[in-house]
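One structure is given below, encoded as structure tokens.
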Amino acid sequence: DPSALVTLLDNHDLPRVMSVCGGEVEKVKAALTVLFASRGIPSIQYGTEAGLKGEKEPENRGDMTFERGPLFNHLLALFALRKRWPSLT
């Protein structure tokens, strides 16, 4: 069942999405929006909401910052949309 598969933009073994997008917050927002609108279960790497960067190890496994970064509110909105509209799940 494809709707039960986990989808992701990055993880601990890949460059962080913020780095892949050249540090451009609007590009990351667009990528996250596509992720949340696509079938499957979106997986968000810790630190994405804070805008953590990292091209390769060990930078892509950097320490967590507990700040509400540039993507925090966008992620909250995406979670709310998926909850409200079952067709997005």
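The values are calculated or read from the model by the stated rules, or taken from the named source; none is laboratory data. Predicted model only: the values in this text are computed from it and were never measured. Quick reminder, even Gly has a Cβ in these numbers, built from the backbone with ideal geometry, and neighbours come from all protein chains shown. For the accessible areas, the whole protein counts, side chains as well, though only heavy atoms, and no ligand, DNA or RNA atoms are used. Shrake-Rupley method; radii C 1.70, N 1.55, O 1.52, S 1.80 Å.
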Requested in this report: Please find, within region 8-35, the residue that is most open to solvent (accessible area, probe 1.4 Å) out of those that are touching a residue at least 12 places away in the same chain (Cβ under 8 Å) and among the basic types (Lys, Arg).
Outcome: Lys29
Report task. From the list Ser38, Ser43, pick out the single residue that is at pLDDT 95 or above and either open to solvent by 30 Å² or more (accessible area, probe 1.4 Å) or within 14 Å of the chain's Cα centre (by Cα) (or both). Result -> Ser43
**Report entry** Cβ pairs under 7 Å, 6+ apart, first in region 75-89 and closer than 19 Å to Met18 by Cβ, second in a helix (DSSP H, G or I)
**Finding:** Leu75/Leu32; Leu78/Leu32; Leu78/Thr33; Leu78/Phe36
Query raised in the report: If you take the residues in region 46-56 that are surrounded by fewer than 16 Cβ atoms within 10 Å (Cβ to Cβ) and in contact (Cβ under 8 Å) with a residue 24 or more places away in the chain, which one is nearest to Val25 (Cα to Cα)?
Result: Glu55
Query - Matching residues, region 71-89, being modelled with pLDDT of 90 or more, surrounded by 11 or more Cβ atoms within 10 Å (Cβ to Cβ) and of a type outside the set (A, V, I, L, M) - result: Phe72, Asn73, His74, Phe79, Arg82
